[in-house]
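Enquirer: Below are the structure tokens for one structure; questions will follow.
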Amino acid sequence: QLDKEYNEKKDIEVLKNYYKDTLPVIREQYLVSAIEGRITKDHWEQEAKRLGLDFLEGKLVVATIGIDGKAFLEETYNENVGLVLISIKNIVDEILNKSFKFISLPYLDKIIILFSLEDEEEVINIIRGISEAIRMFEVIFSTTISAGIGRIYEEVENIRYSYKSAEVALNYKQ
């Protein structure tokens with residue numbers, strides 16, 4: 001029995017499958033580190049391909065989406081508000097997947113979307129796509145969400161600044 005366990009721990013195929021299964025979690029943790037400013041350009045260049053993030057190049061911009069009516073959602077969905085965030089992510093992915101190079105992830109109580117742009121003019125279409133996702137969410141859940149889009153940066157180590165400016169935009173209320 002013990003030999004079998006040792007052999008499984010050494011089995012390359014088992015390790016590859018385990019790595020493949022955990023890759024989405026590892027990728028999300030890495031992106032959170034990038035958004036928080038803990039990833040250098042050199043580290044990104046070493047790890048991006050391995051993590052399937054090498055499509056994020058050129059001009060980068062972060063968008064954040066937050067739920068406006070948290071009290072309503074907490075009352076309606078109890079402890080399952082996190083599942084509502086996953087629903088927002090799925091709606092965003094479905095709508096934006098057709099037109100953009102991006103990755104989205106839940107982060108704290110928001111959805112973060114990191115876009116790779118060829119041209120700064122693409123931001124207009126990003127706004128349209130996010131607006132469509134917001135409308136769809138509002139129809140389904142009968143409550144509102146808001147989005148903020150950050151500044152565009154060309155260096156991956158600066159996406160933290162794009163994230164911060166997206167947060168400022170999200171929190172701005174007239």
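Enquirer: If I take every Cα pair under 8 Å that is 6 or more residues apart in the stretch 124-174, average their sequence separation and divide by the length, what percent do I get for the relative contact order?
Expert: In percent, rounded to a whole number, it is 29.
Enquirer: Let me ask something additional. For the chain, what is the mean residue ellipticity at 222 nm derived from helices alone (per DSSP H run of n ≥ 4: -39500 (n - 2.57); sum divided by total residues; nearest 500 deg cm²/dmol)?
Expert: -18000 deg cm²/dmol, from helical runs alone.
Enquirer: Hey, another quick one. Run the accessible area of the chain with a 1.4 Å probe and give the carbon-and-sulfur part as a rounded percent.
Expert: Working: 5310 of 10560 Å².
Carbon and sulfur together cover 50 percent of it.
Enquirer: If you don't mind, another one. What does the charge dipole of the stretch 63-174 about its Cα centre add up to, to the nearest 20 debye, if the Cβ of each Lys and Arg holds +1 and the Cβ of each Asp and Glu holds -1?
Expert: 200 debye
Enquirer: Please name whichever of V92, I65, Q46 sits farthest to the positive end of the charge dipole of the chain, dipole taken about the Cα centre and charges placed at Cβ: Lys and Arg +1, Asp and Glu -1.
Expert: The Cα lying farthest towards the positive end belongs to I65.
Enquirer: Take every Cα pair under 8 Å in the stretch 1-144 that's 6+ residues apart, average their separations, divide by the length, and report that relative contact order as a whole percent.
Expert: Details: 113 pairs, mean separation 35.9, N = 144.
Contact order relative to length: 25 percent.
Enquirer: If you average the sequence gap of Cα pairs under 8 Å that are 6 or more apart and divide by the length of the stretch 72-138, what percent do you get for the contact order?
Expert: Over the stretch 72-138, the number comes to 31 percent.
Enquirer: Taking the stretch 88-174, how many lysine pairs are there with alpha carbons less than 18 Å apart, if each pair must be eight or more places apart or span two chains?
Expert: 6
The values are calculated or read from the model by the stated rules, or taken from the named source; none is laboratory data. Just so it is clear, the model here is predicted, and its values are computed rather than measured. Neighbour counts run over all protein chains shown; Cβ positions are idealised from the backbone, glycine included. Accessible surface is based on the protein model in full, side chains and every heavy atom, while ligands, DNA and RNA are left aside. Shrake-Rupley method; radii C 1.70, N 1.55, O 1.52, S 1.80 Å.
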